1. To test your reading of the geometry: what angle, between 0 and 90 degrees and rounded to tens, separates the Cα axis of helix 469-486 from the longest principal axis of the chain?
2. Quick one: Cα centre-to-centre distance for the range 350-404 and the range 269-300, in angstrom?
3. Output the pairs from Lys110/Lys370; Lys136/Lys257; Lys225/Lys279; Lys110/Lys147; Lys157/Lys262; Lys210/Lys234 with a Cα-Cα distance over 31 Å in this structure; if there are none, say none.
4. Any idea of the accessible area per residue across the range 47-108, 1.4 Å probe, to the nearest Å²?
5. Per the Kirkwood definition applied to all pairs of different Cα atoms, how many angstroms is the hydrodynamic radius of the chain?
6. Go ahead and estimate [θ] at 222 nm for the chain from helices alone: -39,500 (n - 2.57) per DSSP H run with n ≥ 4, summed, over the residue count, rounded to 500.
7. Convert 25 °C to kelvin, take the viscosity as 0.890 mPa s, use the Kirkwood radius over C-alpha pairs of the range 335-444 as Rh, and evaluate the Stokes-Einstein diffusion coefficient in µm²/s, rounded to a whole number.
8. To the nearest Å, what is the center-to-center distance of the range 487-505 and the range 308-338, using C-alpha atoms only?
Amino acid sequence: MKRLRLILAAAGLLLAAGAAAQPALVTRDGVTRFEIDGKPFVMFGGELHNSTSSSEQYMDDIDVWEQMKDAHFNFVIASASWELVEPQEGRYDFSSVDHVIRNARKHGLKVVMIWFASWKNGYSTYAPGYVKRDPKKYPLAEDKDGKTLNVLSTFGKASLEADKKAYAALMRHIREIDPDHTVIMMQVENEIGILGGPRDYSAAAEKAWKAQVPADMTAYLTAHKGHLYPELEKVWAANGYKTRGNWEEVFGKSFEKAEDWKEFPRYTEELFQAYHYAKYVGEIAAAGKAEHNIPMYVNNWIKQPGMGAPGQYPSGSPQPWVLDVWRAAAPAVDMIAPDIYANVFEWTLGQFAMGGNPVFIPESRGDTAKALYAYGEFDALGFAPFGFDGPQEGNFFGVSAEDFARLGACYGILSEMGTLLPDNYGSDRMRGLLVGTDNPTPSVTMGDYVLTLQSSVRDRRAVNYGQGAEQMAAQNAALAARAQQQAQSGALVIQTGADEFYIVGCNARFSFQSTSAKDGQVLHEVIEEGTFKDGAWVPLRRLNGDEDNVTIMGVGARRIVLYRSTVGK
Ligand code: DGJ
(Lines give C-alpha, C1' and ligand atoms only; values in the text may rest on other atoms or scores of the structure.)
Protein backbone atom coordinates (compact mmCIF):
# COMPACT_ATOMS: atom_id res chain seq x y z
CA MET A 1 0.00 0.00 0.00
CA LYS A 2 2.68 2.47 1.07
CA ARG A 3 4.96 1.39 -1.76
CA LEU A 4 2.14 1.88 -4.27
CA ARG A 5 1.64 5.41 -3.01
CA LEU A 6 5.33 6.08 -3.44
CA ILE A 7 5.32 4.93 -7.03
CA LEU A 8 2.37 7.24 -7.66
CA ALA A 9 4.20 10.06 -5.88
CA ALA A 10 7.32 9.56 -7.94
CA ALA A 11 5.20 9.63 -11.09
CA GLY A 12 3.52 12.85 -9.96
CA LEU A 13 5.08 16.20 -9.38
CA LEU A 14 7.66 16.15 -6.65
CA LEU A 15 7.74 19.07 -4.32
CA ALA A 16 10.35 21.67 -3.79
CA ALA A 17 13.54 20.42 -2.24
CA GLY A 18 15.17 23.11 -0.14
CA ALA A 19 18.70 23.91 0.93
CA ALA A 20 20.06 22.21 4.04
CA ALA A 21 20.77 24.90 6.61
CA GLN A 22 17.18 25.97 7.15
CA PRO A 23 13.65 24.61 7.34
CA ALA A 24 12.86 22.78 4.13
CA LEU A 25 10.68 20.11 2.60
CA VAL A 26 13.14 17.60 1.22
CA THR A 27 12.03 14.90 -1.20
CA ARG A 28 14.26 11.86 -1.69
CA ASP A 29 13.16 8.71 -3.54
CA GLY A 30 9.59 9.97 -3.60
CA VAL A 31 9.44 10.49 0.19
CA THR A 32 9.10 14.00 1.58
CA ARG A 33 10.37 14.85 5.04
CA PHE A 34 10.43 18.18 6.80
CA GLU A 35 14.00 19.00 7.77
CA ILE A 36 15.73 21.67 9.81
CA ASP A 37 19.44 22.11 9.25
CA GLY A 38 19.43 18.95 7.15
CA LYS A 39 17.95 16.82 9.95
CA PRO A 40 14.45 15.36 9.89
CA PHE A 41 12.05 17.17 12.19
CA VAL A 42 8.78 15.30 12.75
CA MET A 43 6.29 17.87 13.97
CA PHE A 44 4.26 17.30 17.14
CA GLY A 45 2.02 20.18 18.10
CA GLY A 46 -1.30 21.92 18.05
CA GLU A 47 -3.01 25.07 16.81
CA LEU A 48 -4.03 27.92 19.07
CA HIS A 49 -7.53 29.36 18.96
CA ASN A 50 -7.81 32.18 16.47
CA SER A 51 -7.55 35.08 18.93
CA THR A 52 -5.08 33.70 21.44
CA SER A 53 -1.85 35.04 19.98
CA SER A 54 -3.29 38.55 19.65
CA SER A 55 -2.40 39.06 23.33
CA GLU A 56 0.84 38.16 25.09
CA GLN A 57 -0.85 38.88 28.42
CA TYR A 58 -3.63 36.41 27.65
CA MET A 59 -1.11 33.73 26.67
CA ASP A 60 0.76 34.28 29.93
CA ASP A 61 -2.47 34.21 31.93
CA ILE A 62 -3.45 30.79 30.63
CA ASP A 63 0.13 29.53 30.91
CA VAL A 64 -0.07 28.25 27.39
CA TRP A 65 3.69 27.84 26.81
CA GLU A 66 3.97 25.55 29.83
CA GLN A 67 0.96 23.57 28.59
CA MET A 68 2.73 22.99 25.30
CA LYS A 69 5.98 21.90 26.94
CA ASP A 70 4.08 19.52 29.23
CA ALA A 71 2.34 18.01 26.21
CA HIS A 72 5.73 17.49 24.48
CA PHE A 73 4.96 19.86 21.61
CA ASN A 74 7.88 20.80 19.41
CA PHE A 75 5.86 23.35 17.43
CA VAL A 76 2.76 25.47 17.68
CA ILE A 77 0.55 26.98 15.01
CA ALA A 78 -0.17 30.62 15.88
CA SER A 79 -1.66 33.38 13.80
CA ALA A 80 -0.56 36.74 12.47
CA SER A 81 -3.53 38.82 11.47
CA TRP A 82 -3.45 41.41 8.71
CA GLU A 83 -5.60 43.87 10.69
CA LEU A 84 -3.05 43.89 13.55
CA VAL A 85 0.06 43.83 11.34
CA GLU A 86 -1.17 46.77 9.25
CA PRO A 87 -3.52 48.78 11.49
CA GLN A 88 -3.29 51.76 9.13
CA GLU A 89 -2.53 51.66 5.45
CA GLY A 90 1.24 51.35 4.98
CA ARG A 91 2.00 51.42 8.73
CA TYR A 92 3.14 48.07 10.04
CA ASP A 93 3.19 46.86 13.62
CA PHE A 94 4.73 43.46 14.26
CA SER A 95 4.34 43.37 18.03
CA SER A 96 1.61 40.69 17.85
CA VAL A 97 4.08 38.46 16.03
CA ASP A 98 7.22 39.31 17.98
CA HIS A 99 5.98 38.08 21.34
CA VAL A 100 5.03 34.71 19.84
CA ILE A 101 8.48 34.24 18.34
CA ARG A 102 10.25 35.48 21.47
CA ASN A 103 8.31 33.20 23.82
CA ALA A 104 8.49 30.19 21.52
CA ARG A 105 12.26 30.61 21.36
CA LYS A 106 12.42 30.90 25.14
CA HIS A 107 10.50 27.62 25.51
CA GLY A 108 12.42 25.76 22.79
CA LEU A 109 9.43 25.55 20.45
CA LYS A 110 9.11 26.17 16.74
CA VAL A 111 6.29 28.18 15.19
CA VAL A 112 4.13 27.69 12.12
CA MET A 113 2.54 31.04 11.48
CA ILE A 114 -0.80 31.54 9.78
CA TRP A 115 -1.26 34.66 7.71
CA PHE A 116 -4.93 35.50 8.38
CA ALA A 117 -5.37 38.09 5.66
CA SER A 118 -7.63 38.34 2.62
CA TRP A 119 -9.50 35.18 3.65
CA LYS A 120 -10.24 33.20 6.77
CA ASN A 121 -12.82 30.38 6.56
CA GLY A 122 -13.94 31.81 3.23
CA TYR A 123 -14.66 35.28 4.61
CA SER A 124 -12.60 38.46 4.76
CA THR A 125 -12.96 39.46 8.40
CA TYR A 126 -9.22 39.86 8.98
CA ALA A 127 -8.69 42.56 6.33
CA PRO A 128 -7.73 45.90 7.90
CA GLY A 129 -10.41 48.60 8.24
CA TYR A 130 -9.07 50.59 5.30
CA VAL A 131 -9.74 47.58 3.05
CA LYS A 132 -13.11 46.64 4.54
CA ARG A 133 -14.45 50.19 4.23
CA ASP A 134 -13.57 50.67 0.58
CA PRO A 135 -15.29 47.99 -1.53
CA LYS A 136 -14.88 50.14 -4.62
CA LYS A 137 -11.11 49.82 -4.43
CA TYR A 138 -11.12 46.37 -2.76
CA PRO A 139 -14.09 44.67 -4.44
CA LEU A 140 -16.14 41.89 -2.90
CA ALA A 141 -17.22 38.69 -4.60
CA GLU A 142 -20.86 38.40 -5.66
CA ASP A 143 -23.36 35.57 -5.67
CA LYS A 144 -25.51 34.53 -8.62
CA ASP A 145 -28.15 37.14 -7.77
CA GLY A 146 -25.60 39.93 -7.79
CA LYS A 147 -25.53 40.27 -3.99
CA THR A 148 -22.13 41.06 -2.52
CA LEU A 149 -20.56 38.57 -0.14
CA ASN A 150 -18.26 39.33 2.79
CA VAL A 151 -15.48 37.83 0.68
CA LEU A 152 -12.83 39.83 -1.14
CA SER A 153 -12.96 39.01 -4.82
CA THR A 154 -9.90 37.28 -6.25
CA PHE A 155 -10.22 39.78 -9.09
CA GLY A 156 -9.47 42.77 -6.85
CA LYS A 157 -6.03 43.90 -7.98
CA ALA A 158 -5.66 46.46 -5.19
CA SER A 159 -6.57 43.83 -2.57
CA LEU A 160 -3.92 41.49 -3.91
CA GLU A 161 -1.31 44.24 -3.95
CA ALA A 162 -2.14 45.34 -0.40
CA ASP A 163 -2.14 41.79 1.00
CA LYS A 164 1.06 40.96 -0.86
CA LYS A 165 2.83 44.07 0.39
CA ALA A 166 1.87 43.38 4.00
CA TYR A 167 2.87 39.73 3.77
CA ALA A 168 6.22 40.60 2.19
CA ALA A 169 6.80 43.12 5.00
CA LEU A 170 5.96 40.43 7.56
CA MET A 171 8.35 37.92 5.99
CA ARG A 172 11.09 40.56 5.79
CA HIS A 173 10.56 41.29 9.47
CA ILE A 174 10.67 37.60 10.39
CA ARG A 175 13.91 37.23 8.43
CA GLU A 176 15.41 40.11 10.39
CA ILE A 177 14.37 39.04 13.87
CA ASP A 178 14.52 35.28 13.43
CA PRO A 179 17.93 34.23 12.11
CA ASP A 180 17.74 30.93 14.02
CA HIS A 181 14.46 29.93 12.38
CA THR A 182 12.03 29.74 15.24
CA VAL A 183 9.41 30.22 12.53
CA ILE A 184 9.72 27.14 10.37
CA MET A 185 6.74 27.34 8.06
CA MET A 186 3.99 29.69 6.95
CA GLN A 187 0.36 28.99 6.24
CA VAL A 188 -0.78 31.53 3.66
CA GLU A 189 -4.41 32.60 4.32
CA ASN A 190 -6.86 30.19 5.95
CA GLU A 191 -9.55 27.93 4.51
CA ILE A 192 -10.11 30.13 1.50
CA GLY A 193 -12.91 29.71 -1.02
CA ILE A 194 -16.41 30.89 -1.86
CA LEU A 195 -19.26 29.68 0.34
CA GLY A 196 -22.85 29.57 -0.83
CA GLY A 197 -22.13 28.99 -4.52
CA PRO A 198 -19.52 27.46 -6.80
CA ARG A 199 -17.87 30.70 -7.91
CA ASP A 200 -17.71 34.47 -7.87
CA TYR A 201 -20.30 36.04 -10.22
CA SER A 202 -19.07 39.67 -10.08
CA ALA A 203 -18.57 41.47 -13.40
CA ALA A 204 -14.81 40.83 -13.40
CA ALA A 205 -15.40 37.14 -12.62
CA GLU A 206 -17.98 36.84 -15.42
CA LYS A 207 -15.47 38.26 -17.86
CA ALA A 208 -12.80 35.77 -16.78
CA TRP A 209 -15.29 32.89 -16.87
CA LYS A 210 -16.03 33.60 -20.53
CA ALA A 211 -12.38 34.20 -21.44
CA GLN A 212 -9.83 31.64 -22.60
CA VAL A 213 -8.42 29.27 -20.00
CA PRO A 214 -5.08 30.97 -19.18
CA ALA A 215 -1.98 29.70 -20.95
CA ASP A 216 -0.13 28.64 -17.77
CA MET A 217 -3.05 26.34 -16.97
CA THR A 218 -3.21 24.68 -20.38
CA ALA A 219 0.61 24.40 -20.51
CA TYR A 220 0.52 22.54 -17.18
CA LEU A 221 -2.24 20.24 -18.41
CA THR A 222 -0.23 19.39 -21.52
CA ALA A 223 2.96 18.76 -19.53
CA HIS A 224 1.15 16.48 -17.04
CA LYS A 225 -1.26 14.70 -19.36
CA GLY A 226 -1.73 11.15 -18.08
CA HIS A 227 -0.74 12.11 -14.52
CA LEU A 228 -3.52 14.51 -13.58
CA TYR A 229 -6.05 13.90 -10.79
CA PRO A 230 -8.41 11.27 -12.29
CA GLU A 231 -11.51 13.49 -12.44
CA LEU A 232 -9.55 16.30 -14.09
CA GLU A 233 -8.05 13.88 -16.59
CA LYS A 234 -11.56 12.54 -17.24
CA VAL A 235 -13.28 15.86 -17.97
CA TRP A 236 -10.36 17.17 -20.02
CA ALA A 237 -10.28 13.96 -22.09
CA ALA A 238 -14.07 13.98 -22.50
CA ASN A 239 -13.78 17.41 -24.12
CA GLY A 240 -11.02 16.35 -26.49
CA TYR A 241 -7.92 17.44 -24.54
CA LYS A 242 -8.44 21.01 -25.81
CA THR A 243 -5.71 23.53 -25.11
CA ARG A 244 -7.73 26.52 -26.26
CA GLY A 245 -11.19 27.67 -25.31
CA ASN A 246 -13.08 29.05 -22.35
CA TRP A 247 -13.54 27.02 -19.14
CA GLU A 248 -16.67 25.22 -20.29
CA GLU A 249 -15.15 24.52 -23.72
CA VAL A 250 -12.02 22.96 -22.23
CA PHE A 251 -13.56 21.13 -19.26
CA GLY A 252 -17.22 20.81 -20.26
CA LYS A 253 -20.45 21.98 -18.68
CA SER A 254 -20.54 20.53 -15.21
CA PHE A 255 -23.50 18.75 -13.68
CA GLU A 256 -25.38 20.35 -10.83
CA LYS A 257 -26.53 17.66 -8.43
CA ALA A 258 -24.67 14.62 -7.13
CA GLU A 259 -26.01 11.33 -5.79
CA ASP A 260 -23.02 10.81 -3.55
CA TRP A 261 -20.93 13.36 -1.61
CA LYS A 262 -17.73 12.04 -3.20
CA GLU A 263 -18.84 13.02 -6.73
CA PHE A 264 -17.82 16.28 -8.43
CA PRO A 265 -20.78 18.54 -9.16
CA ARG A 266 -20.02 22.04 -10.50
CA TYR A 267 -16.48 20.88 -11.21
CA THR A 268 -15.73 23.33 -14.02
CA GLU A 269 -16.76 26.25 -11.83
CA GLU A 270 -14.60 24.84 -9.05
CA LEU A 271 -11.58 24.55 -11.36
CA PHE A 272 -12.12 28.14 -12.48
CA GLN A 273 -12.46 29.46 -8.95
CA ALA A 274 -9.46 27.41 -7.78
CA TYR A 275 -7.31 28.90 -10.54
CA HIS A 276 -8.13 32.45 -9.45
CA TYR A 277 -7.58 31.79 -5.75
CA ALA A 278 -4.34 30.00 -6.54
CA LYS A 279 -3.12 32.85 -8.73
CA TYR A 280 -3.79 35.40 -5.98
CA VAL A 281 -2.41 33.32 -3.10
CA GLY A 282 0.51 32.10 -5.20
CA GLU A 283 1.62 35.70 -5.82
CA ILE A 284 1.45 36.43 -2.11
CA ALA A 285 3.47 33.31 -1.24
CA ALA A 286 6.08 34.14 -3.90
CA ALA A 287 6.45 37.70 -2.59
CA GLY A 288 6.91 36.32 0.92
CA LYS A 289 9.46 33.75 -0.19
CA ALA A 290 11.43 36.44 -2.00
CA GLU A 291 11.94 38.01 1.45
CA HIS A 292 12.34 34.86 3.52
CA ASN A 293 12.37 31.47 1.88
CA ILE A 294 10.75 28.95 4.21
CA PRO A 295 8.10 26.34 3.30
CA MET A 296 4.61 27.69 2.71
CA TYR A 297 1.36 25.77 2.53
CA VAL A 298 -2.35 26.37 2.21
CA ASN A 299 -4.96 24.64 4.37
CA ASN A 300 -8.53 23.81 3.59
CA TRP A 301 -12.02 23.03 4.78
CA ILE A 302 -12.57 19.57 3.40
CA LYS A 303 -15.33 17.96 1.36
CA GLN A 304 -17.35 15.67 3.64
CA PRO A 305 -20.76 14.01 3.96
CA GLY A 306 -23.42 16.72 3.80
CA MET A 307 -20.89 19.12 2.26
CA GLY A 308 -20.05 17.43 -1.01
CA ALA A 309 -20.48 20.33 -3.44
CA PRO A 310 -18.21 23.33 -3.96
CA GLY A 311 -19.97 26.17 -2.19
CA GLN A 312 -21.02 23.80 0.63
CA TYR A 313 -17.31 23.57 1.32
CA PRO A 314 -15.41 26.68 0.16
CA SER A 315 -15.16 26.52 -3.63
CA GLY A 316 -11.75 27.06 -5.14
CA SER A 317 -10.03 25.91 -1.97
CA PRO A 318 -6.97 23.69 -2.39
CA GLN A 319 -8.68 20.30 -2.57
CA PRO A 320 -6.85 17.27 -4.04
CA TRP A 321 -9.00 17.31 -7.21
CA VAL A 322 -7.82 20.86 -7.95
CA LEU A 323 -4.22 20.33 -6.76
CA ASP A 324 -3.09 20.38 -10.40
CA VAL A 325 -4.66 23.82 -10.78
CA TRP A 326 -2.90 25.07 -7.65
CA ARG A 327 0.40 23.70 -8.90
CA ALA A 328 -0.07 25.38 -12.26
CA ALA A 329 -1.04 28.75 -10.84
CA ALA A 330 0.77 28.86 -7.47
CA PRO A 331 4.16 27.17 -7.76
CA ALA A 332 5.39 28.99 -4.62
CA VAL A 333 2.89 27.02 -2.52
CA ASP A 334 4.63 23.84 -1.34
CA MET A 335 1.70 21.72 -0.23
CA ILE A 336 -2.01 21.57 0.50
CA ALA A 337 -3.15 20.55 3.97
CA PRO A 338 -6.50 19.28 5.27
CA ASP A 339 -8.34 20.45 8.39
CA ILE A 340 -10.09 17.25 9.45
CA TYR A 341 -12.97 17.50 11.90
CA ALA A 342 -15.38 15.16 10.10
CA ASN A 343 -15.26 11.41 10.43
CA VAL A 344 -13.58 10.85 7.05
CA PHE A 345 -9.99 10.66 8.19
CA GLU A 346 -8.68 7.75 6.16
CA TRP A 347 -10.38 8.80 2.94
CA THR A 348 -9.17 12.38 3.34
CA LEU A 349 -5.54 11.39 3.96
CA GLY A 350 -5.67 9.03 0.96
CA GLN A 351 -6.81 11.93 -1.21
CA PHE A 352 -4.29 14.44 0.13
CA ALA A 353 -1.39 12.01 -0.33
CA MET A 354 -2.06 11.81 -4.06
CA GLY A 355 0.35 13.31 -6.55
CA GLY A 356 3.24 13.38 -4.08
CA ASN A 357 1.60 15.92 -1.76
CA PRO A 358 3.05 15.38 1.73
CA VAL A 359 0.51 14.87 4.51
CA PHE A 360 0.41 17.63 7.12
CA ILE A 361 -2.65 18.07 9.34
CA PRO A 362 -2.78 21.61 10.74
CA GLU A 363 -6.24 21.23 12.29
CA SER A 364 -8.14 18.28 13.68
CA ARG A 365 -9.86 17.10 16.80
CA GLY A 366 -7.40 15.93 19.41
CA ASP A 367 -7.75 12.25 18.57
CA THR A 368 -4.53 10.42 19.45
CA ALA A 369 -5.48 7.30 17.48
CA LYS A 370 -5.73 9.41 14.34
CA ALA A 371 -2.39 11.06 15.01
CA LEU A 372 -0.72 7.64 15.29
CA TYR A 373 -2.42 6.50 12.10
CA ALA A 374 -1.33 9.63 10.21
CA TYR A 375 2.33 9.30 11.20
CA GLY A 376 2.43 5.51 10.76
CA GLU A 377 0.47 5.05 7.57
CA PHE A 378 0.91 8.38 5.77
CA ASP A 379 4.35 9.51 6.98
CA ALA A 380 2.71 12.71 8.20
CA LEU A 381 5.07 15.67 8.51
CA GLY A 382 3.03 16.84 11.46
CA PHE A 383 -0.25 16.70 13.32
CA ALA A 384 -2.04 19.45 15.23
CA PRO A 385 -5.36 19.49 17.05
CA PHE A 386 -7.17 22.82 16.86
CA GLY A 387 -7.83 24.86 19.99
CA PHE A 388 -5.92 22.97 22.66
CA ASP A 389 -5.72 26.18 24.71
CA GLY A 390 -9.00 25.91 26.56
CA PRO A 391 -12.65 26.60 25.76
CA GLN A 392 -13.59 29.91 24.14
CA GLU A 393 -16.78 31.91 24.53
CA GLY A 394 -19.14 31.34 21.62
CA ASN A 395 -16.95 28.69 19.97
CA PHE A 396 -17.62 25.02 20.49
CA PHE A 397 -14.43 23.90 18.73
CA GLY A 398 -11.49 22.83 20.81
CA VAL A 399 -9.78 19.91 22.50
CA SER A 400 -11.01 18.39 25.76
CA ALA A 401 -8.57 18.16 28.65
CA GLU A 402 -8.74 14.36 28.47
CA ASP A 403 -7.86 14.26 24.76
CA PHE A 404 -5.09 16.78 25.28
CA ALA A 405 -3.52 14.71 28.06
CA ARG A 406 -3.65 11.58 25.92
CA LEU A 407 -2.15 13.32 22.89
CA GLY A 408 0.60 14.76 25.09
CA ALA A 409 1.48 11.27 26.33
CA CYS A 410 1.62 10.07 22.73
CA TYR A 411 3.85 12.97 21.62
CA GLY A 412 6.05 12.20 24.64
CA ILE A 413 6.75 8.72 23.29
CA LEU A 414 7.03 9.62 19.61
CA SER A 415 9.33 12.57 20.18
CA GLU A 416 11.85 10.34 22.02
CA MET A 417 12.03 7.80 19.20
CA GLY A 418 14.90 9.66 17.55
CA THR A 419 15.30 8.82 13.90
CA LEU A 420 13.36 5.55 14.14
CA LEU A 421 10.25 7.39 12.97
CA PRO A 422 11.54 9.49 10.04
CA ASP A 423 13.95 6.75 8.92
CA ASN A 424 10.93 4.55 8.28
CA TYR A 425 8.99 7.11 6.24
CA GLY A 426 8.16 5.59 2.88
CA SER A 427 8.88 2.08 4.14
CA ASP A 428 6.47 -0.85 4.53
CA ARG A 429 8.24 -1.57 7.82
CA MET A 430 6.20 1.23 9.39
CA ARG A 431 2.41 1.10 9.28
CA GLY A 432 -0.54 2.78 10.93
CA LEU A 433 -3.86 1.23 11.93
CA LEU A 434 -7.10 2.94 12.90
CA VAL A 435 -10.28 1.44 14.27
CA GLY A 436 -13.30 3.01 12.58
CA THR A 437 -17.02 2.39 12.93
CA ASP A 438 -16.99 0.65 9.55
CA ASN A 439 -13.67 -1.08 10.23
CA PRO A 440 -13.55 -2.36 13.84
CA THR A 441 -10.64 -4.77 13.21
CA PRO A 442 -8.16 -3.31 10.73
CA SER A 443 -5.18 -5.48 9.90
CA VAL A 444 -1.83 -5.14 8.11
CA THR A 445 0.70 -7.64 6.82
CA MET A 446 4.30 -7.00 7.91
CA GLY A 447 6.88 -9.59 6.92
CA ASP A 448 5.60 -13.05 7.90
CA TYR A 449 2.86 -11.73 10.16
CA VAL A 450 -0.65 -10.36 9.93
CA LEU A 451 -1.31 -7.88 12.74
CA THR A 452 -4.93 -7.17 13.66
CA LEU A 453 -6.03 -4.31 15.86
CA GLN A 454 -9.21 -3.95 17.84
CA SER A 455 -10.25 -1.48 20.49
CA SER A 456 -9.19 -2.40 24.00
CA VAL A 457 -12.19 -0.54 25.39
CA ARG A 458 -15.37 -2.52 25.95
CA ASP A 459 -18.88 -1.06 25.95
CA ARG A 460 -20.28 -0.81 29.45
CA ARG A 461 -23.82 -0.46 30.75
CA ALA A 462 -24.94 0.95 34.09
CA VAL A 463 -25.67 -1.67 36.74
CA ASN A 464 -29.32 -1.67 37.77
CA TYR A 465 -29.46 -1.50 41.56
CA GLY A 466 -32.92 0.04 41.59
CA GLN A 467 -31.87 3.64 41.04
CA GLY A 468 -34.81 4.39 38.74
CA ALA A 469 -35.17 4.83 34.99
CA GLU A 470 -34.10 8.47 34.87
CA GLN A 471 -30.87 7.92 36.75
CA MET A 472 -30.16 4.74 34.77
CA ALA A 473 -30.55 6.73 31.55
CA ALA A 474 -28.22 9.45 32.81
CA GLN A 475 -25.59 6.90 33.89
CA ASN A 476 -25.82 5.10 30.57
CA ALA A 477 -25.47 8.39 28.71
CA ALA A 478 -22.35 9.20 30.76
CA LEU A 479 -20.90 5.75 30.08
CA ALA A 480 -21.68 6.06 26.37
CA ALA A 481 -19.96 9.45 26.24
CA ARG A 482 -16.94 8.00 27.99
CA ALA A 483 -16.87 4.98 25.69
CA GLN A 484 -17.04 7.34 22.72
CA GLN A 485 -14.04 9.22 24.09
CA GLN A 486 -12.14 6.05 24.79
CA ALA A 487 -13.13 4.48 21.51
CA GLN A 488 -10.24 6.29 19.88
CA SER A 489 -8.23 3.26 18.98
CA GLY A 490 -5.20 3.24 16.72
CA ALA A 491 -1.54 2.36 16.54
CA LEU A 492 1.74 2.95 14.82
CA VAL A 493 3.85 -0.18 14.27
CA ILE A 494 7.51 -0.38 13.29
CA GLN A 495 9.10 -3.68 12.36
CA THR A 496 12.77 -3.79 13.39
CA GLY A 497 13.56 -7.47 12.77
CA ALA A 498 11.97 -10.52 11.18
CA ASP A 499 10.04 -11.15 14.43
CA GLU A 500 10.49 -7.89 16.33
CA PHE A 501 8.04 -4.97 16.40
CA TYR A 502 7.61 -1.74 18.33
CA ILE A 503 4.03 -0.61 18.82
CA VAL A 504 2.83 2.78 20.01
CA GLY A 505 -0.88 2.46 20.59
CA CYS A 506 -3.97 4.17 21.89
CA ASN A 507 -6.67 1.91 23.36
CA ALA A 508 -5.24 -0.89 21.28
CA ARG A 509 -5.43 -4.66 21.52
CA PHE A 510 -3.47 -6.73 19.00
CA SER A 511 -3.72 -10.29 17.74
CA PHE A 512 -1.32 -11.98 15.32
CA GLN A 513 -1.43 -14.63 12.63
CA SER A 514 1.15 -16.06 10.30
CA THR A 515 0.91 -15.29 6.58
CA SER A 516 1.45 -19.00 5.94
CA ALA A 517 -1.31 -21.56 6.52
CA LYS A 518 1.45 -24.10 7.22
CA ASP A 519 2.31 -22.44 10.54
CA GLY A 520 0.54 -23.00 13.83
CA GLN A 521 -0.40 -20.20 16.22
CA VAL A 522 1.69 -17.06 16.40
CA LEU A 523 2.87 -16.78 19.99
CA HIS A 524 4.77 -14.18 21.99
CA GLU A 525 8.40 -14.74 22.88
CA VAL A 526 8.74 -11.31 24.46
CA ILE A 527 6.29 -8.59 25.41
CA GLU A 528 7.81 -5.56 27.09
CA GLU A 529 6.10 -2.37 28.06
CA GLY A 530 8.36 0.63 28.03
CA THR A 531 9.12 3.87 26.33
CA PHE A 532 11.81 5.60 24.30
CA LYS A 533 14.49 7.97 25.54
CA ASP A 534 16.88 9.74 23.17
CA GLY A 535 16.15 7.22 20.45
CA ALA A 536 16.68 4.11 22.60
CA TRP A 537 14.07 1.69 23.96
CA VAL A 538 13.76 1.77 27.76
CA PRO A 539 11.90 -1.32 29.03
CA LEU A 540 9.74 -1.23 32.11
CA ARG A 541 7.82 -4.47 32.91
CA ARG A 542 8.24 -7.77 31.12
CA LEU A 543 4.64 -8.87 30.50
CA ASN A 544 3.66 -12.53 30.89
CA GLY A 545 1.18 -14.73 32.72
CA ASP A 546 -2.09 -12.83 33.13
CA GLU A 547 -0.54 -10.03 31.09
CA ASP A 548 0.55 -12.25 28.19
CA ASN A 549 -1.30 -10.11 25.64
CA VAL A 550 -0.64 -6.95 23.68
CA THR A 551 -3.24 -4.65 25.18
CA ILE A 552 -2.74 -0.94 25.67
CA MET A 553 -5.27 1.02 27.70
CA GLY A 554 -4.86 4.75 27.08
CA VAL A 555 -1.50 5.47 25.45
CA GLY A 556 1.56 3.26 25.68
CA ALA A 557 4.38 1.46 23.87
CA ARG A 558 5.39 -2.17 23.59
CA ARG A 559 8.33 -4.11 22.19
CA ILE A 560 7.28 -7.55 21.06
CA VAL A 561 9.05 -10.57 19.64
CA LEU A 562 6.77 -13.12 17.99
CA TYR A 563 7.31 -16.66 16.74
CA ARG A 564 5.39 -18.92 14.43
CA SER A 565 4.79 -21.99 16.56
CA THR A 566 3.62 -25.50 15.75
CA VAL A 567 0.80 -25.15 18.30
CA GLY A 568 -2.52 -26.10 16.75
CA LYS A 569 -0.90 -28.01 13.88
C1 DGJ B 1 -11.44 25.98 10.93
C2 DGJ B 1 -10.62 27.22 10.86
O3 DGJ B 1 -9.57 27.06 9.95
C4 DGJ B 1 -10.08 27.62 12.21
O5 DGJ B 1 -9.40 28.83 12.11
C6 DGJ B 1 -11.22 27.71 13.17
O7 DGJ B 1 -12.09 28.70 12.77
C8 DGJ B 1 -11.93 26.38 13.25
N9 DGJ B 1 -12.41 26.02 11.97
C10 DGJ B 1 -13.13 26.35 14.17
O11 DGJ B 1 -13.14 27.22 15.22
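The values are calculated or read from the model by the stated rules, or taken from the named source; none is laboratory data. Remember, it's a predicted structure, so these values are computed and weren't measured experimentally. As a convention, Cβ positions derive from the backbone with ideal geometry for all residues, glycine included, and neighbour counts pool all protein chains shown. All accessible areas refer to the heavy atoms of the entire protein, side chains included, with ligands and DNA or RNA removed. Shrake-Rupley method; radii C 1.70, N 1.55, O 1.52, S 1.80 Å.
1. With both axes taken from Cα atoms, the answer is about 80 degrees.
2. Between the Cα centres of the range 350-404 and the range 269-300 lies a distance of 23 Å.
3. Lys136/Lys257; Lys110/Lys147; Lys157/Lys262
4. Here the residues of the range 47-108 average 43 Å² of exposed surface.
5. Here the Kirkwood hydrodynamic radius works out to 25.1 Å.
6. Theoretical 222 nm ellipticity from helices: -9500 deg cm²/dmol.
7. Here the translational diffusion coefficient equals 166 µm²/s.
8. What the calculation gives is 34 Å, centre to centre.
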